[in-house]
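Participant: Before anything else, here's the structure in question.
What follows draws every value from the coordinates through simple rules; no lab data is involved. Since the structure is predicted, the reported quantities are computational estimates derived from the model, not experimental observations. As a convention, Cβ positions derive from the backbone with ideal geometry for all residues, glycine included, and neighbour counts pool all protein chains shown.
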Amino acid sequence: MEWLDLIAQVSGSAIRFSVPLLFACLAGLYSERAGVFDIGLEGKMLVGAFTAGTIAALTGSAWLGLLAAILASVLFALIHGFASITHRGNQIVSGVAINFIAAGLTAQLGETWFKLGGQTPQLTNDARFMGYAWPFADALRGVPVLGQIYSQILSGQNILVYLAFLAVPITWWLLYRTRFGLRLRAVGENPAAVDTAGISVPSMRYAAVACCGILCGFAGAYLSIAQSAGFIEHMTAGKGFIALAALIFAKWRPVPAMWACLLFGVLDAISIRLQGVPIAGIGTVPVQLMQAVPYILTVVLLAGFIGHAVAPKAGGVPYVKEK
Amino acid sequence: MASTKAMAAPPAIALAHIDKRFGPVHANRDISLEIGKGTIHGIVGENGAGKSTLMSILFGFYQADSGEISVDGEVTRIMSPTDAIKAGIGMVHQHFMLVGKFTVLENVVLGAEGGFVLNSGLAKARRELERLEKDYGLQVDPDAVIDDLPVGLQQRVEILKALYRGADVLILDEPTGVLTPSEADHLFRILRQLKAQGKTIVLITHKLKEIMAVTDRVSVMRRGEMISTVATADTSPEQLAELMVGRRVLLRVVKSEREPGRTVLEVKNLVVKDASGTTKVNGVSFVVRAGEIVGIAGVAGNGQSELLEAITGIRPPSSGEIRLNGKPLPCDAAEARAQKLAHVPEDRHRLGIVTSFDACENVILGYHGDELYQKGIFQDRRAIRSDTEKKMQDFDVRPQDPNLRLGLFSGGNQQKIVLAREIEQDPDLLIVGQPTRGVDIGAIEFIHKRLIAMRDRGKAVLLVSVELDEIRGLADRVLVMCGGDITGECAPETPEKQIGLMMAGAAA
Amino acid sequence: MSGPSRELPRWVDLGLIPLINLIAAFLVTSLVFLAIGESPIESVGIMLNGAFGYGSGLGYTLFYTTNFIFTGLAFAVAFHAGLFNIGAEGQAYLGGLGVALVCLPLGFLPMVIVIPLAIIGAALFGAAWAFIPAYLQAKRGSHVVITTIMFNFIASALMIYLLVNVMSPKGSMNPETRTFDPNAHLPLIHDVFAGLGIEIARSPLNLSFLWALICAVVIWLMLWHTTLGYQLRVLGANPAAATYAGMKPPRLIIIAMLISGALSGFLALNEIMGSQNRLLLEFTAGYGFVGIAVALMGRSHPFGIVLAAILFGALYQGGADLSFDKPTVTRDMIVVIQGLVILFAGALEHMFRPQIARLFQGSRFKAREA
């Protein structure tokens, strides 16, 4: 029974680890399917996390914190849009700039406002999104498999966790079953076709970039006011890039994106479990190796050894009207 | 004819004093034009005459600097394709505006989805497509993915897109460039049918034969100006050609009889596949001898490009043999040059030049390893410059500035630089693709003379062109390619109709 | 037919536009200063003085400049070949490993032997880390942009593992190696001058600054005066033309990335062998990413890169002095300013171009039409 419990525990923490990845990964999906590459997911998450931590600390409301995180992250997304859509700048360079500004600004403003070494004040539980236990969760804890799934995986998560997984079918539906999705995918494949169909390419791309901002806001808020009780300097710690890896790993599709994020979440959970624990026949697996696995897997995928990841055709290319 | 009666009604489209500049380029100068309702109206002109710009203005892709557009007698402001679509104007672009990964149905509804949720809109579009299919004979499987369709069908989707949006005026920009003669005939049948249903068609082309075959009236443009509009029945191809160019055109190239010598290039059972694995050249064999020009005729996309790429070492053939001067030629562009093969590529901008580099750096492209251009481990800048100056002088390239970026030369002068580079290497075999594409008339004559001169010096020349007149004028022997096969070989004097049959795949 | 072609005078393209972009970046920076309650003018004054106002400040500026020259050149070489190598961070990190593997065991050898070996070590390891992304791009078409990002993180994990578990001295809890033997320290410039009897201010500025300048000259010669450079530039400007001209794009891609990786690796000469004298975590500190901005501002030309590197070096040193002088300003402010410069000079480089082009139109027009 003990190993079952272990699996349930690992699964539970894997889900919690995968939530920020999933938000950010879906965020990148909107942007990149519309033809705007975004390596600034990390920066936008960080801005979202900082804003959420700050506003939640000031107002005591987690929901206001979330809202502020979304607004701030959208603002940064629009800067990326302004550079790469309106001014046809290099999208990679713009992403790098966003990451720098976000990293520097959150640390500097945090210090200026709170003087806590770049952190925001510790939040009370009221100002956070706390886990919510489902009915009978405790009673069912002992029931093997089903009970464990119920009480340790489904129950006890905070609302953002459920929202993250709800965002997957919503994204799928928007992308494949609505006008918005059709146009969004078209603008990432052949913007000229969209333009001649009488749809504004810039508006479509701005809309996509804004969606990206919204979801990065969620990702950031999750980090600072759900998973932790406040913002810590550089707390995204590369999660934006793992999300990017997951996006490529999922070949830019929403449902596989969820599986990729869960996989990377599981790796993270296991690596923490295995820290310093020797495995029979292998010895101790360095925790750094486990942490590098998502990146290594993505490179292997990109090399075409496990299927082929084909990016949206017009991705990374600013749209210029041709004669 | 119905068109004479229709002329009494207000014209479907009236353009008044349209003027458009792109920076220094005066693309359209004070253009006025009326297009009668229910007619097929042709617009002809050379490359760069301003036809496409004019139509892009009509379709709202660009805004005119001044002038007015009226639709059905009413002045209409067309600021975007949306306005044009609302005014009942549809356009079939030269490069199709389709999303390759989408189905036909998804492409048709894009921009006219009829509601936020796609389901109902798609169902309605499917019914509408069935109706259009019946009315105009435009069959396409609505669930086929665009990338899987042949070019002719993709074009049909473009037409369907316009009709689905309720277009009364249909603009087609160079629609036959990618079609075989029979596909083109089918297109013309569709156009006549559309006309019979009261649609107005504007056909932009540089092919005079098409104008004569299908239009009611024709307008001629030259250097951004509207030269004349006449009823097709009252004119002739010769007269139109003269109007297009502005002077009498010599359609014949003067050349002397010459006996070809030894075999220079020998191609045996050559098979070439494209990147997706489709066989493009299907076991082709032929020879080119010293002192002759062999022309390969055919509709674009029938394997000519892949054939040239295989011979010049750009694309590895999957089987077969290529011999140059009796020696097997490996697939290696550098080695091919070393064995005295020169190549003027079909797609100059894509392959032959680097537009952001100056003339000097373009003149050494492909020959950058030559000793002439080296001094120790460094490039000999002075030698390169003097060599470039000499070549520019010999080929009358203007302006004669070796440090000017190549993108700033005209198409004809760019092509002269490419020709100078390749011909002055004194190769045994010159391979030339589309030598006069996008080149002004003056340069065409110059280029043709240079090719003849190569042949007269006893060199072998392999010429590929989609311009049948060019092939017939220059070549000593004509090979016709269709669907990856050589479907016939004939003398250049063979009647055009017969060559046309071979181009469509019929045996000679 | 050719489209509208707009040619701006060179001094506008290379001088005026970057200058205007910089001014825009600094205007926004002033807003940030105001937001944290500091006077922008006073702050800029402190930064300028910190960067250029006294001897050791200038020394520090040039010390940081050295880093930026290396990473700027690294980005530019790949960029000329059409490759977007944003893996300088990881390549420099591995370069540090190369330097340490020479300096730790061979520190007893005479300096004239250790230095060239360390240069080779840095180049070799930096290039090796660039090789896999290069190979995958050349042979399998995997985009270097993504693979080099991934390799940055893999490098980071690898180095943490090595420094924590393998390379730190027994019994030490610090994730860093022991200090190199004195022969494996690159001579500091003030020591060199002292040897000549000239007294100058102390700073970590060391001989690798000269090496950076030599690299700039060599890269300039390579790019514009050799057949290899010509081929790399053709590949970057028009890959199809490179194939047509008989060049071997896969080979060129790998060569460009190896050179780029080697140049990134040299960052470790300055930081590890010149200043820290031991291998430690995170010494690359974002220099690799800033190299992108340095190269773009310098228009990918070695001369421009040196100038842009001085600018970023001054920013770095001035910012450090500012945060020392004013407790309200943290070193993170430097990161913000760098980010803004990258944004305005890099991603938004075309923002003011149309207006400026309109100003200059007609006067210097060179387009010719068919």
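Participant: Between A:ALA237, A:ALA292, which is of a type in the set (Gly, Ala, Ser), part of a helix (DSSP H, G or I) and either in contact with a strand residue (DSSP E or B) (Cβ under 9 Å, 6 or more places away or on another chain) or free of Cβ contacts under 8 Å to residues at least 12 places away in the same chain (or both)?
Facilitator: Within the list A:ALA237, A:ALA292, the selection yields A:ALA292.
Participant: Right, another one. Taking C:CYS103 as meeting all but one of (1) in a helix (DSSP H, G or I); (2) farther than 20 Å from C:ASN183 by Cβ; (3) touching a residue at least 40 places away in the same chain (Cβ under 8 Å); (4) of a type outside the set (Gly, Ala, Ser), write down the number of the exception.
Facilitator: Failed condition: (2).
Participant: Moving on. So which residues in segment B:217-240 are in contact (Cβ under 8 Å) with a residue 60 or more places away in the chain and either assigned to a helix (DSSP H, G or I) or closer than 13 Å to B:PHE188 by Cβ (or both), if there are any at all?
Facilitator: Scanning segment B:217-240 gives B:THR232, B:LEU240.
Participant: All but one of (1) within 13 Å of chain A (Cβ to nearest Cβ); (2) over 28 Å from the mean Cα position of the chain (by Cα); (3) not acidic (Asp, Glu) hold for B:GLY50; state the number of the condition that does not hold.
Facilitator: B:GLY50 satisfies all of (1) within 13 Å of chain A (Cβ to nearest Cβ); (2) over 28 Å from the mean Cα position of the chain (by Cα); (3) not acidic (Asp, Glu) except (2).
Participant: Okay, next question. Quickly run through segment B:385-442 and pick out the residues that are acidic (Asp, Glu) and either more than 10 Å from every other protein chain (Cβ to nearest Cβ) or in a helix (DSSP H, G or I) (or both).
Facilitator: Selection gives B:ASP387, B:GLU389, B:ASP394, B:ASP396, B:GLU422, B:GLU424, B:ASP426, B:ASP428.
Participant: Would you point out the residue of segment A:96-121, among those that are in contact with a helix residue (DSSP H, G or I) (Cβ under 8 Å, 6 or more places away or on another chain) and either more than 14 Å from chain C (Cβ to nearest Cβ) or part of a loop (DSSP other than H, G, I, E, B) (or both), that is surrounded by the fewest Cβ atoms within 10 Å (Cβ to Cβ)?
Facilitator: In this case the residue turns out to be A:GLY117.
Participant: Would you mention how many residues in segment B:120-146 are touching a helix residue (DSSP H, G or I) at 6+ places or on another chain (Cβ under 7 Å) and either basic (Lys, Arg) or on the phi < 0 side of the Ramachandran plot (or both)?
Facilitator: 16
Participant: Name the residues in segment B:275-297 that are farther than 27 Å from B:GLY458 by Cβ and touching a residue at least 40 places away in the same chain (Cβ under 8 Å), would you?
Facilitator: B:THR279, B:LYS280, B:VAL281, B:ASN282, B:GLY283
Participant: Take segment B:81-109 and flag every residue that is charged (D, E, K, R) and farther than 21 Å from B:SER56 by Cα.
Facilitator: If the condition is that a residue be charged (D, E, K, R) and farther than 21 Å from B:SER56 by Cα, then B:LYS101, B:GLU106 are the ones that fit.
Participant: With assigned to a helix (DSSP H, G or I), surrounded by 24 or more Cβ atoms within 10 Å (Cβ to Cβ) and within 14 Å of chain B (Cβ to nearest Cβ) as the only criterion, which of C:LEU263, C:LEU228, C:LEU252, C:LEU235 stands out?
Facilitator: On inspection, the qualifying residue turns out to be C:LEU235.
Participant: List the helices (runs of 4 or more DSSP H) inside segment B:60-147, counting only whole elements, that have at least 3 residues being in contact with a Leu (Cβ under 9 Å, 6 or more places away or on another chain) and within 11 Å of another protein chain (Cβ to nearest Cβ).
Facilitator: Of the helices (runs of 4 or more DSSP H) lying wholly inside segment B:60-147, those with at least 3 residues that are in contact with a Leu (Cβ under 9 Å, 6 or more places away or on another chain) and within 11 Å of another protein chain (Cβ to nearest Cβ) span B:104-109.
Participant: In segment B:362-373, what residues are more than 7 Å from chain C (Cβ to nearest Cβ) and touching a helix residue (DSSP H, G or I) at 6+ places or on another chain (Cβ under 9 Å)?
Facilitator: B:ASN362, B:VAL363, B:ILE364, B:TYR367, B:LEU372, B:TYR373
Participant: Also: Given the conditions (1) within 14 Å of chain A (Cβ to nearest Cβ); (2) surrounded by 20 or more Cβ atoms within 10 Å (Cβ to Cβ); (3) over 27 Å from C:ALA100 (Cα atoms), which single one is not true for C:ILE292?
Facilitator: (3) is the only condition that C:ILE292 fails.
Participant: Answer with yes or no whether A:LEU247 is within 14 Å of A:GLU42 (Cβ to Cβ), among the hydrophobic types (A, V, I, L, M, F, W, C) and under 17 Å from the mean Cα position of the chain (by Cα).
Facilitator: Spelling it out, A:LEU247 is indeed within 14 Å of A:GLU42 (Cβ to Cβ), among the hydrophobic types (A, V, I, L, M, F, W, C) and under 17 Å from the mean Cα position of the chain (by Cα).
Participant: Return a yes/no flag: does segment C:117-127 have any residue that is part of a helix (DSSP H, G or I), within 14 Å of chain A (Cβ to nearest Cβ) and either over 18 Å from C:PHE180 (Cβ atoms) or touching a residue at least 60 places away in the same chain (Cβ under 8 Å) (or both).
Facilitator: Among the residues of segment C:117-127, not one is part of a helix (DSSP H, G or I), within 14 Å of chain A (Cβ to nearest Cβ) and either over 18 Å from C:PHE180 (Cβ atoms) or touching a residue at least 60 places away in the same chain (Cβ under 8 Å) (or both), which makes the answer no.
Participant: Go through segment B:300-359 and report how many residues are away from chain C (no Cβ under 12 Å), charged (D, E, K, R) and surrounded by fewer than 16 Cβ atoms within 10 Å (Cβ to Cβ).
Facilitator: Summing the residues that are away from chain C (no Cβ under 12 Å), charged (D, E, K, R) and surrounded by fewer than 16 Cβ atoms within 10 Å (Cβ to Cβ) in segment B:300-359 gives 3.
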